[in-house]
Amino acid sequence: MNESPETLAHQRSRLLLDPEELPPSETPWQEFLRIYLKDYQALLGFWVLMLLLVTAFAGKVFTEWWVVFDPEVVRLTDTFLPPFSVPSPDSIEVDRPLGGVYLMGTDELGRDVFARMFQGSFVSLSIGFVAVGISLGIGIVLGGLAGFYGHVKLGFVTVDTLIMRFTDAMMCFPRFFLILTAVALLPPSIYTIMMIIGFFGWMGTARFVRAEFFSIREQDYVVAAKALGIPEGRIIFRHMVPNALAPVFVSATIGVASAILTESGLSFLGFGVPPPYATWGNILSDGKGFIFDAPWLFFIPGLAIFIVVLAFNLVGEGLREALNPKLRRR
Amino acid sequence: MWNYIIRNIGQRLILLIIVSFVAHSFIHLAPGEPSEVDPMNPRMKPEDIAKIRAAFHLDDPVYMQYAYWIRDLGTGELKSFKDSQPVLPKIWNRFLNSLPLFLLATVLVWTWAFPTGIHGAVHRGSLYDRSTVLLAYALISVPGFFLSFLAILWVVGWFGVPVIGIKTFGMDHADLAFKIMDRVWHLVIPSVMAAIGGIAVLSRYVRSQMLEVLSQDYVRTARAKGLQDDTVVYGHALGNALLPFVTMFGLLLPELIGGAVIFEQIFAWPGLGRLGYEAILNRDFPVIMTLNLIAAILTLAGTLLSDILYAVVDPRIRLH
């Protein structure tokens with residue numbers, strides 16, 4: 001004990017780290033951004049989707065509210081014109097497209113494909129979002145119930161058994177076939193298609209949310225919230241759901257992509273969105289009959305669907321990488 | 001072990017009952033009836049419709065219809081609404097047609113997905129890895145029928161072989177070799193198209209699973225011991241990475257059957273999927289319900305098999 005008090009104090013000050021010298025702590029959001037912004041595929045996908053969103057809203061505005069591009073004008077003088085061609089001289093003056101050129105050609109009725117694609121962008125996208133919204137809603141509620149109230153007994157079975165057995169049963173059916181049956185039996189309308197695609201897509205979400213809830217339920221902050229006497233509804237929706245949502249968000253992004261593909265598959269089989277609405281799926285399936293005479297009717301919507309679905313998938317994968325620490329490069 | 005298997009079978013039987021309820025009520029709760037298929041037909045009098053409805057038990061409450069359905073299914077007397085043919089033989093014939101397609105597609109999926117995914121994970125970040133991952137994304141982002149149309153155009157234009165249908169019409173007197181080659185061409189293209197989605201999805205799972213295992217401590221230990229890279233990857237990591245895929249076998253089945261509706265329609269393949277599609281068009285309830293039920297039973301059998309296999313392969317399961 002021959003050390004002077006000075007040196008002790010000096011050592012102590014060395015042990016207490018100066019907060020200025022520490023690397024800045026990252027919030028989870030900053031960490032997420034750092035990883036996501038490095039992933040150039042996911043970034044590209046993100047910008048494609050932003051562009052698509054703008055296009056879709058512009059499409060809604062310019063083809064329905066303030067009609068600049070009318071997708072429904074039939075011009076029998078101008079059928080099967082290739083992209084970038086000008087209207088024929090004997091076409092009706094007022095029916096000519098804006099700028100006097102068919103950017104993406106015309107179809108078998110002389111309708112402007114560009115206007116139809118423009119309108120379809122909003123319809124296709126809203127089918128994807130509404131369907132996924134419905135399946136997320138059902139999945140989160142059922143998965144949350146099973147995960148939080150799973151141990152509660154109703155008669156001789158627990159809530160968890162009841163919900164998960166139903167989920168398992170639904171997963172046994174070939175999904176596309178069920179959707180097709182439902183769409184064929186119900187009156188044809190764009191809303192039934194959205195709802196049906198949503199109603200048969202919640203099983204994965206429910207299982208995710210349940211698994212997340214199981215692990216979150218035991219975490220300290222939930223136990224603390226319970227100890228504070230916070231009502232259960234508030235614990236579930238304010239504390240647990242936001243923490244369980246990360247994987248759900250990823251699967252939602254990919255879900256939008258698969259809903260758009262499902263819609264195009266339904267269109268191919270003749271059960272797509274009925275005529276007044278153009279969707280990319282039904283433009284594509286109408287175009288398949290003219291693959292030799294008018295290839296643009298087939299390739300333009302096909303490539304559009306491909307690019308958009310790819311963008312959704314890349315964004316979903318980028319989110320997954322950025323949100324899931326296990327997959328990160330060490 | 002036996003306990004586990006018996007309990008598993010018991011659970012599956014309960015699930016089967018739920019599945020049959022769902023398959024039945026799902027059809028009958030939706031509006032749209034077999035008697036309404038042809039509403040404009042002037043020869044359809046109200047009495048006729050009443051007769052049809054009575055014959056198909058459509059006036060009974062739903063639970064009685066369920067009972068009739070199960071009874072007829074059990075005795076094998078279930079008749080199609082459309083042509084009054086027994087349903088089970090009808091489905092069986094179509095199933096035999098679809099079987100080669102399913103088998104080849106499954107084989108393709110399982111033989112292609114694993115090497116692709118494993119190689120990508122081992123050489124993470126290489127050109128190969130990045131391009132296969134991107135290719136996988138591209139392949140699951142194309143509408144299936146769009147790609148199939150391109151494939152048909154390419155195969156027919158490039159090789160000059162017909163690929164629509166199950167075989168070329170009027171080849172009865174050709175040589176055996178020609179007949180076999182004809183069958184092979186007709187079989188391969190739709191199977192590849194049906195398998196592509198599965199390959200893309202599964203190879204990504206394999207890749208991420210393999211990556212997770214490769215970052216485990218025991219793999220680092222094995223490397224630290226100075227083992228050869230190949231020994232570490234194939235001897236220590238691979239087995240553990242492959243384990244979860246035993247359980248995926250059953251779950252890929254519904255996708256295959258659901259996808260068959262589109263692919264069999266494109267390639268005019270007289271299989272289960274087209275039978276289902278025709279049944280939907282005709283409001284042929286017994287066929288739709290039975291098809292759904294059979295698909296679900298196949299899936300249940302598949303998952304049961306994979307659960308048992310999993311228990312055999314993974315000793316940790318038996319502790320529970």
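Quick notes on this structure:
Residue by residue, here is whether (1) in contact with a strand residue (DSSP E or B) (Cβ under 6 Å, 6 or more places away or on another chain); (2) under 24 Å from A:Arg320 (Cβ atoms); (3) small (Gly, Ala, Ser); (4) modelled with pLDDT of 85 or more holds:
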residue	(1), (2), (3), (4)
A:Asn243	no, yes, no, no
A:Ile254	no, yes, no, yes
A:Ala257	no, yes, yes, yes
A:Ser264	no, no, yes, yes
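- In this entry, B:Phe95 is excluded by the filter for residues that are under 30 Å from B:Leu214 (Cβ atoms) and in contact (Cβ under 8 Å) with a residue 12 or more places away in the chain.
- Restricting attention to region A:108-143, the residues that are basic (Lys, Arg) and in a helix (DSSP H, G or I) total 1.
- Residues that are under 20 Å from A:Phe118 (Cα atoms), of a type outside the set (Val, Ile, Thr) and facing chain B (nearest Cβ under 10 Å), drawn from region A:244-264: A:Ala257, A:Leu261, A:Glu263, A:Ser264
- Residues of region B:97-131 classified as loosely packed, with under 14 Cβ neighbours inside 10 Å and under 17 Å from the mean Cα position of the chain (by Cα), total: 4
- Cβ separations smaller than 7 Å between residues 6+ apart or across chains give the following pairs from region B:283-301 residues that are more than 8 Å from chain A (Cβ to nearest Cβ) and surrounded by fewer than 24 Cβ atoms within 10 Å (Cβ to Cβ) to residues that are part of a helix (DSSP H, G or I) and hydroxyl-bearing (Ser, Thr, Tyr): B:Leu293/B:Ser20.
- In the set A:Ile230, A:Ile197, A:Ile235, A:Ile216, only one residue is within 14 Å of chain B (Cβ to nearest Cβ) and among the aliphatic types (A, V, I, L, M); that residue is A:Ile197.
- Considering only residues in region A:279-288 that are under 14 Å from A:Ala115 (Cβ atoms) and part of a helix (DSSP H, G or I), the one that is farthest from the other protein chains (Cβ to nearest Cβ) turns out to be A:Ile283.
- Residue check, A:Arg328 at pLDDT below 90, surrounded by fewer than 18 Cβ atoms within 10 Å (Cβ to Cβ), more than 29 Å from A:Phe199 (Cβ to Cβ) and out of contact with any Lys or Arg (no Cβ under 6 Å at 6 or more places or on another chain): yes
- Selection status of A:Met164, under 29 Å from A:Glu232 (Cα atoms) and part of a helix (DSSP H, G or I): yes
- Any hit, region A:210-223, residues being in a loop (DSSP other than H, G, I, E, B), modelled with pLDDT under 85 and over 21 Å from the mean Cα position of the chain (by Cα): yes
- Members of region B:106-126 found to be hydrophobic (A, V, I, L, M, F, W, C) and away from chain A (no Cβ under 14 Å), listed by number: B:Val107, B:Leu108, B:Val109, B:Trp110, B:Trp112, B:Ala113, B:Phe114, B:Ile118, B:Val122
- Residues (touching a residue at least 60 places away in the same chain (Cβ under 8 Å) and more than 12 Å from chain A (Cβ to nearest Cβ)) located in region B:1-23: B:Met1, B:Tyr4, B:Ile5, B:Asn8, B:Ile9
- The set of residues from region B:256-288 being over 19 Å from B:Thr299 (Cα atoms) and more than 16 Å from the chain's Cα centre (by Cα) comprises B:Ile266, B:Phe267, B:Ala268, B:Glu278, B:Ala279, B:Ile280, B:Leu281, B:Asn282, B:Arg283, B:Asp284, B:Phe285, B:Pro286.
- Filtering region A:42-83 to residues that are over 19 Å from A:Ala278 (Cα atoms) and at pLDDT 85 or above leaves A:Ala42, A:Leu43, A:Leu44, A:Gly45, A:Phe46, A:Trp47, A:Val48, A:Leu49, A:Met50, A:Leu51.
- Here B:Asn93 meets the list (1) under 21 Å from the mean Cα position of the chain (by Cα); (2) within 30 Å of B:Val232 (Cα to Cα) almost entirely, failing just condition (2).
- Of all residues making up region A:289-308, the number that are in contact with a Pro (Cβ under 8 Å, 6 or more places away or on another chain) and within 8 Å of another protein chain (Cβ to nearest Cβ): 3
- Selection status of B:Gly259, within 30 Å of B:Asp72 (Cβ to Cβ), facing chain A (nearest Cβ under 10 Å) and modelled with pLDDT of 85 or more: no
- Taken over region A:248-273, the criterion of being surrounded by fewer than 18 Cβ atoms within 10 Å (Cβ to Cβ) and in a helix (DSSP H, G or I) is satisfied by A:Phe249 alone.
- Restricting the first member to region A:109-127 and to residues that are farther than 19 Å from A:Gly201 by Cα, and the second to residues that are surrounded by fewer than 23 Cβ atoms within 10 Å (Cβ to Cβ) and among the basic types (Lys, Arg), the beta-carbon pairs closer than 8 Å and six or more apart or on different chains are A:Leu109/A:Arg75; A:Gly110/A:Arg75; A:Arg111/A:Arg75; A:Gln119/A:Lys60; A:Phe122/A:Lys60.
- Contact map, region B:218-229: residues that are without any contact (Cβ under 8 Å) to a residue 12 or more places away in the chain paired with residues that are exposed (fewer than 11 other Cβ atoms within 10 Å of the Cβ) and in a helix (DSSP H, G or I), Cβ distance under 9 Å, separation 6+ or inter-chain. Pairs shown: B:Arg223/B:Asp229.
- Flag for B:Val233 being hydrophobic (A, V, I, L, M, F, W, C) and free of Cβ contacts under 8 Å to residues at least 24 places away in the same chain: no
- Residues that are facing chain B (nearest Cβ under 9 Å) and under 30 Å from A:Ala42 (Cα atoms), drawn from region A:268-278: A:Phe268
- Only listed residue being surrounded by 11 or more Cβ atoms within 10 Å (Cβ to Cβ), in a helix (DSSP H, G or I) and modelled with pLDDT under 75, chosen from B:Ile27, B:Ile91, B:Ile52: B:Ile52
- Residue among A:Leu109, A:Leu178, A:Leu103 that is within 12 Å of chain B (Cβ to nearest Cβ) and within 30 Å of A:Gly289 (Cα to Cα): A:Leu178
The values are calculated or read from the model by the stated rules, or taken from the named source; none is laboratory data. Quick caveat, the model's predicted, so the values are computed rather than measured. So basically every Cβ, Gly included, is an ideal-geometry build from the backbone, and we count neighbours across all protein chains shown.
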